[in-house]
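One structure is given here, and the rest of the page talks about it.
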Amino acid sequence: MFETKGKELFKNKVAFLRGANNFDAFPKDLLPEVAFAGRSNVGKSSLINALTGQPIARASSTPGRTQEINFFKLGTRFCLVDMPGYGFANAPVELVQNWTQMVHLYLRQRRQLKRVFLLIDARHGIKKVDEDIMIMLDRAGVSYQIVLTKADKLKEADQKKVFETTVASGKEHVACYPEIILTSSEKGQGIPELQGAIYQALEGV
Ligand SMILES: Nc1nc2c(ncn2[C@@H]2O[C@H](COP(=O)(O)OP(=O)(O)OP(=O)(O)O)[C@@H](O)[C@H]2O)c(=O)[nH]1
Ligand SMILES: [Mg+2]
């Protein structure tokens, strides 16, 4: 709906602002933020690169690539926030504890956070770990929108199926935004829609 406005938003110059691994290191400036959360390897960093058209966020096939909360500034307009992923097998206990503490603090207390985009791998759908995060966000009253990723790995019929199941699951959650976006960072699918949704979240329209 706001694709043109969204596209304009992304004409702002992109710069890495900082990485933070504790609450005190979060940037103090009050630019509005949108954050990307989701299981490890779901494609958060890749999606940020697709949105900005620049390889600014480090992406890799090794789960747990992003371990800090990374802030990317778009001009003086807003920040994109790349979260470390959750739920990868054999993650060291300490890492999980640090993640949980830092991410929960960020999600619950960040006043300038306008919306969380919760990424779900289209091949797998919503898993128990995702449900847990959704419940936490519902309870904290943080509004979030589901973004399905890696659509290029599915046939069209399967894309449709996972889309419908995900819409139905989203309806069970009070803080979950009803519209779901199906994306592929690889093919550019859904990127204009997501840019529009970011505009909408920032403007509150
Ligand atoms: N086919 C396909 N592969 C993708 C897509 N998006 C990401 N990938 C691949 O998935 C892997 C993980 O991508 P990342 O963007 O690093 O994932 P992440 O969610 O940031 O991972 P963590 O930082 O570990 O939490 C990489 O090998 C990407 O190339 C997509 O749209 N299509
Ligand atoms: Mg990452």
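General remarks:
- Residues that are more than 15 Å from ligand 1 (Cβ to nearest atom), under 18 Å from R108 (Cβ atoms) and within 19 Å of the chain's Cα centre (by Cα), drawn from region 24-54: F26, P27, P32, E33, V34
- A residue that is touching a residue at least 40 places away in the same chain (Cβ under 8 Å), loosely packed, with under 15 Cβ neighbours inside 10 Å, away from ligand 2 (no atom under 16 Å from the Cβ) and among the β-branched types (V, I, T) can be found somewhere in region 189-205.
- For region 44-61, the criterion of being more than 14 Å from ligand 2 (Cβ to nearest atom) and under 25 Å from M134 (Cα atoms) is met by none of the residues.
- Region 74-119, residues that are surrounded by 13 or more Cβ atoms within 10 Å (Cβ to Cβ) and more than 23 Å from L51 (Cα to Cα): G87, F88, A91, L95, V96, N98, W99, M102, H104, L105, R108
- Test set (1) part of a helix (DSSP H, G or I); (2) away from ligand 2 (no atom under 15 Å from the Cβ); (3) farther than 22 Å from V142 by Cα - T76 fails condition number: (1)
- Within region 122-132, the set of residues being surrounded by fewer than 21 Cβ atoms within 10 Å (Cβ to Cβ) and either free of Cβ contacts under 8 Å to residues at least 40 places away in the same chain or not in a loop (DSSP other than H, G, I, E, B) (or both) comprises R123, H124, K128, V129, E131, D132.
- When residues in region 43-61 are screened for being within 20 Å of I120 (Cβ to Cβ) and assigned to a loop (DSSP other than H, G, I, E, B), 5 of them pass.
- Residue in region 102-120 that is more than 17 Å from A35 (Cβ to Cβ) and at pLDDT 95 or above present: no
The values are calculated or read from the model by the stated rules, or taken from the named source; none is laboratory data. The structure displayed is predicted, hence computed values, not measured ones. Virtual Cβ from ideal backbone geometry, glycine too; neighbours counted across all protein chains shown.
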